[in-house]
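Comments concern the structure below.
Coordinate-derived values only; no laboratory data. Worth saying up front: this structure is predicted, and the values here are computed from it rather than measured. Note: ideal-geometry Cβ built from the backbone for every residue, glycine included; neighbour counts use all protein chains shown.
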Amino acid sequence: MGKKKTYDQDFKIETIRLVKEQGRSVKSVANDLGVHEITIYKWLRQHNEEGDRAFGDANSLTPQEKELRALKKENDDLKEEIAILKKAAAIFAKHSK
């Protein structure tokens with residue numbers, strides 16, 4: 001598995017600005033910047049939920065904000081696991097017939 005890329009706060013905010021303020025499509029911005037579309041959608045969701053603090057230093061968050069962020073991440077991870085397990089169950093059900 002490849003190394004996970006990290007992007008700084010300014011890059012994320014500029015990427016969001018290209019989509020929101022300039023009206024460019026996520027696909028177009030993703031192609032131009034070499035960032036996966038899903039990553040940009042995640043940044044947009046985070047920015048919509050948390051505003052300009054979405055990409056700030058985690059140390060500047062209150063304990064409640066840190067907990068909320070951790071719980072949202074855990075929830076997203078669990079939803080992804082459930083989706084994978086449902087697909088696997090469907091595949092196994094086909095093969096067991």
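For segment 20-26, 3J(HN,Hα) computed residue by residue from phi via the Karplus equation (6.51, -1.76, 1.60; θ = phi - 60°) reads 6, 8, 8, x, 7, 6, 4 Hz, glycine and proline entered as x.
Output the relative contact order of the chain, whole-number percent, from Cα pairs under 8 angstrom with separation of 6+ residues. Intermediate values should be presented prior to the final figure.
Working: 27 pairs, mean separation 16.3, N = 97.
17 percent.
Dividing the summed -39500 (n - 2.57) terms of all DSSP H runs of n ≥ 4 by the residue count of the chain sets its mean residue ellipticity at 222 nm at -23500 deg cm²/dmol. Report the far tail of the P(r) of the chain, meaning the percent of Cα-Cα pairs longer than 21 Å. Tail of P(r) above 21 Å: 50 percent of Cα pairs.
Taking every C-alpha pair closer than 8 Å and separated by at least 6 residues, the mean separation divided by the residue count of segment 8-56 gives a relative contact order of 34 percent. With K and R counted +1 and D and E -1, the other residues having a Cβ less than 13 Å from that of GLU67 yield a net charge of +2.
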